[in-house]
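Everything on this sheet refers to the single structure shown next.
The values are calculated or read from the model by the stated rules, or taken from the named source; none is laboratory data. Owing to the predicted nature of the structure, the values given are computational and were not obtained by experimental measurement. Ideal geometry is used to build each Cβ from the backbone, glycine not excepted, and the neighbour counts take in all protein chains shown.
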Amino acid sequence: MELTRRGFFKATALAFAGSMAYELSTRSAAFAIDGDADDWKLVNTEEYTNICCYCSGGCGVICSVRDGELINLEGDPDHPINEGCLCPKGAAMFQLRNIVDDKTGEIIHNPERVTKPLVRRPGASEWEEISWDQMIQEIARHVKDTRDATFIDKEDGVTCNYTPAIGSMGGSQQNSEEEYLILKVMRSLGIVAIDNQARV
Amino acid sequence: MTGHYCDLSNADVLLSCGSNNLENHPVSSKWVQRALDAGATWIVVDPRYTRTASQADIYCPIRSGTDIAFYGGLINYIIENRLEQTEYVNEYTNATYLIKDSYNFDPETGFFSGWSEADHKYDTSAWGYQVESETDGAQAWMSEAGVPKYTPKAVKTIKRIASIDDTSNPDYKHSVWAIMKEHYSRYTIETVCDICGMDAATLELVYKTYASTGAPEKSGTIMYALGQTQHHYGSQNTRIMTLVQLLLGNAGIAGGGVNALRGEPNVQGATDMAMLVFDFPGYLKWPSVTDTPTLRKWLETQPNAQGYYVNKPKFLIAGLKEWYGKNATVDNDYGYDWLPKIPKNGAIYTTIGTFELMDQGIMKGYFAWGQNPVVSDPNAKFNRNAMAKLDWLVVADWVVTATASFWNAPDMDPSQINTEVYLMPAALIYEKSGTIANSGRWLQWRQKAVEPIDEAKPDYEICDMLWREISKLYQAEGGACPEAILNVKWDYYVDGKIDPRPVAWALNGYEIDDSTDLGAKAPKLLPNFTKLTADGKTANAIWIYGGFYNNNADPYDPAIQPVARRHTKIDSEDGVNGKEMVPVPDKDPGNIRLYPSWAFSWPANRRVIYNRASADAKGKPWNPDRVLVAWDDSKKEWIRNDVPDFGFSTTAEDGTVTHNPPEKCPAFFMKDELHANFVTTGMKDAPLPEHYEPFETPVEKNLLNGALNSPMIKFAENESVKKGDRSQYPIVATTYSITEHWQTGAQTRMCPVLDEIQPRQFIEIGEALAAEKGIANGDEVVVFNNRSEVRMNALVTKRIQPLTVQGQTVHLVGMIHHWDWTNRYSTGEVTNELTPNVGDPNSFIPEYKAFLVDVRKA
């Protein structure tokens, strides 16, 4: 297997935490921290590599996870493009999920994040919670009603099978596999008004 | 990018024009810095003295929206001083091709020939080649069983002159070279300065410095971004950079290229995937009523057999097989007619037109996937009022975006808005796995690190739930054309659960027959796109990604796929199918930072596209220190630091591989004419880029021709646009981003640390204008035009200086656009209420980067 520092870490951090190998890998003059301390931030973590979600640089990041929770996010030093660096936005990606509660000093899930399905009913001035199942059923019904009422099967005698009444916007923030699925759903419904962040 | 980020370090001269790359693509500056360390020169052309400009060797201010004048002047300078890379131009471009007599440009009117006033468009065939002869374009595979019947285009031989110096040839004046030379002869230093507001000495220094890369061994790179593209002639802005790079021999070489620094993490992927009205994945054409009403017609409009793109029918049919599986057969045209066709008025379905359709009550339902058009689209106030006419809106995002809560904008009355809005909580990037494409075309694998919080779900799971529910309804109830839905193949499951890995197989390509079910069993993955066929035996969603996920040893393990490589390779005899990844001995062959064993670069893991052009006709590299490919005449083989972008070898029936000699390997082998184009019929608005003024311009006339705006400007006639006149609104405005925030701010304003370092929206105003308006640094000001008025704080600065244009002083202001009324940490007003919703006829990009406003103290 590849024995880069990071690959080594991922494979061995659990087993070797506190061992000589671990200390040799982490302790240096640059780290002004006691490597023997129990609360060393990245003890007992698993590392996962990911790619930044901002500009199109494709910078590598390492997500450190303990007990299923994100503990740390930093630039991937093995990555040939960013060589461990991150810009202010990339370096703050941790906060998309977790932030420090300014009252208690505890790390909490970012309260700005939406984590439950919501619906805003016609004329309402507030959101309501809704179950996924209910929401998907309602959306599917809306889609079908709109599509069936507006579907155009021929233009100038040419089979065209489209609806002018539904649009889909977005895709540049998703993974490529998701882009294909979004495209496939939308086009298969007969949607021609498809666009993404390519220009706006 | 035709190159990639690390390749910027190979340049001798770097030009940032329309890109504040140090601020907005910070990692690019690492590689620019490496080039500077090696002695390179950095030029920045920008209306503002940006963070990028502050690090450059040469800074040249420019009036927003006048890039074609600037580059046209550069072309004129190169041609007049014979600074082009002559051998490159003769060998690799269409400079010596003859154009038809019908070609003409009239500077008096600003129109090219071929214009139809009735249709309000050009007949681009007026700009075509003089054809000498035609031969049949059929190839053997076209008549195989399963391949639809069609008549391929004839192969054309084009009339040419001997070289660009064949001036005594009676046909010389019809040559692309002569036409281009004459066209840009009007772009003198004096005229360019008068249009762009530049100083002649600085401009000449820029031209001289950049044109120095016409020396064969020198590399010049151009970095651009939305500053270059967000104009109603944005596509022509991009094209004229290509012309410059071809003239100087800077395309297809290390440290060269036309490098779009794209503005979103996977916008390269979304463009590849054709999340756009007119495209099919992999840069194929989406079916349309007018041009391609039948599959046969689609196939017959594809490139001819001279270039590699003759293979496009294979890519489309493999695409249809992936889409419809066993339901797609040669007898039903592989399901071609189930796909929606773009109707005659297709342009109205692009972003700007979409909001007009809502306003007209035609568009009733709308999906927004991680995008926030209510803040990011031009004329934002009009847009949110148009959205109020929707019956329903579905938003998938991480936060309550302004798009999701458009009904709750400060000036909207929710009780009067009957749109039903659904907000689907989406997983973060590290809460799911999958592939992402960066601007340098690198496909990289993202590992899922943690589960989504609470009920948030990945977009792929959301798609699956939606698709199954909609299919169920059509199955049970029927409806309009249910076959278009019920014939779709949807089998991207692992252990019965939706999963990105089978989708990755689809993107890579695989062998398919009637028993194929991705959810039941992994298919045989294809090694690359050359194995795709037009007979229905292969499936592939996007041909250019072929080979990124092709390891059959375990298709369920992304870690052993090319997309996940980390300076590693598959440890097996064939190098493709094996269980282990091992480190490569040399991660940087050629010492030019190609890093071919890191991830996968489409197409075919090629790092620099058009790389045949990095060597001369005999295969000798222009620069021996920056070898992408080179012909070794003693061994009769190609040295390949990069994957060749040409047919470098032939495999005999017995499996013997012979390398093809350089003269058999044209540099632009994918194109019909095997040469890169200066004059083209491929653009709707001009065969050669020509300067026009922004839709809202501070000048009275276009100094280069008789048309103020491009004749092909889109959407300008719409009532919603409310054009502003220079007499009312004399100040040129542009928009841009800062490094601490992202686009509409929905993502970054949710991060408290970023709000702390950049808490407020601002407008940059030069000191002279501020004094004239009585505005002090930090004052709240109102920026206004006919479309809206927006409040923000003034940042009075030396970074923007007034320009002298056509003898008058023109002031510029610049606004960031990361704010709206949502978010608990930081709110502001929507800058895009001021931008005009007019756009480009090729790409339909809106004109955000040059428009008119006025400013007053609040």
Quick one: count up the residues across the range B:364-406 that are out of contact with any strand residue (DSSP E or B) (no Cβ under 8 Å at 6 or more places or on another chain) and within 7 Å of chain A (Cβ to nearest Cβ). 2
Only one of (1) buried (at least 24 other Cβ atoms within 10 Å of the Cβ); (2) in contact with a helix residue (DSSP H, G or I) (Cβ under 6 Å, 6 or more places away or on another chain); (3) in the same structural domain as B:I58 (by TED's automatic domain parsing) is not met by B:S175, so which one is it? (2)
Please state which of the following conditions B:Y71 fails to meet, knowing it meets all the rest: (1) within 14 Å of another protein chain (Cβ to nearest Cβ); (2) under 25 Å from B:A254 (Cβ atoms); (3) in a helix (DSSP H, G or I). (1)
How many residues does the range B:323-363 contain that are within 11 Å of another protein chain (Cβ to nearest Cβ), in a helix (DSSP H, G or I) and more than 25 Å from the chain's Cα centre (by Cα)? 8
If we keep just the residues of the range B:433-480 that are assigned to a loop (DSSP other than H, G, I, E, B) and within 26 Å of B:T271 (Cβ to Cβ), which is farthest from the other protein chains (Cβ to nearest Cβ)? B:R441
Collect the residues in the range B:565-579 that are without any contact (Cβ under 8 Å) to a residue 24 or more places away in the chain and away from chain A (no Cβ under 14 Å), keeping them in residue-number order. B:S572, B:E573, B:D574, B:G575
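Can A:G84 be described as under 17 Å from B:Y5 (Cα atoms), surrounded by fewer than 18 Cβ atoms within 10 Å (Cβ to Cβ) and in contact with a strand residue (DSSP E or B) (Cβ under 6 Å, 6 or more places away or on another chain)?
yes
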Can you tell me how many residues in the range B:154-164 are out of contact with any Ser or Thr (no Cβ under 8 Å at 6 or more places or on another chain) and either in the same structural domain as B:Y103 (by TED's automatic domain parsing) or in a loop (DSSP other than H, G, I, E, B) (or both)? 1
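For (1) over 14 Å from B:A409 (Cα atoms); (2) within 26 Å of the chain's Cα centre (by Cα); (3) touching a residue at least 60 places away in the same chain (Cβ under 8 Å), each residue gets a yes or a no:
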{"site": "B:W821", "(1), (2), (3)": "no, no, yes"}
{"site": "B:Y825", "(1), (2), (3)": "yes, no, yes"}
{"site": "B:G828", "(1), (2), (3)": "no, no, yes"}
{"site": "B:L834", "(1), (2), (3)": "yes, yes, yes"}
{"site": "B:D840", "(1), (2), (3)": "yes, yes, yes"}
{"site": "B:P846", "(1), (2), (3)": "yes, yes, yes"}
{"site": "B:F851", "(1), (2), (3)": "yes, yes, yes"}
{"site": "B:D854", "(1), (2), (3)": "yes, no, yes"}
{"site": "B:A858", "(1), (2), (3)": "yes, no, yes"}
Residue check for B:P148: touching a Leu at 6+ places or on another chain (Cβ under 7 Å), outside the structural domain of B:T213 (by TED's automatic domain parsing) and surrounded by 19 or more Cβ atoms within 10 Å (Cβ to Cβ): yes
Take the conditions small (G, A, S), farther than 30 Å from B:A225 by Cα, within 13 Å of chain A (Cβ to nearest Cβ) and in contact (Cβ under 8 Å) with a residue 12 or more places away in the chain and apply them to B:G282. Does it pass? no
Which condition does B:M412 not pass, out of (1) more than 9 Å from chain A (Cβ to nearest Cβ); (2) assigned to a loop (DSSP other than H, G, I, E, B); (3) buried (at least 24 other Cβ atoms within 10 Å of the Cβ), if it passes all the others? (3)
Test B:P558 against the stated conditions and say whether it is within 22 Å of B:G434 (Cβ to Cβ) and either under 26 Å from the mean Cα position of the chain (by Cα) or buried (at least 18 other Cβ atoms within 10 Å of the Cβ) (or both). yes
Selection from the range A:123-170 of residues aliphatic (A, V, I, L, M) and in a loop (DSSP other than H, G, I, E, B) yields A:A124, A:I130
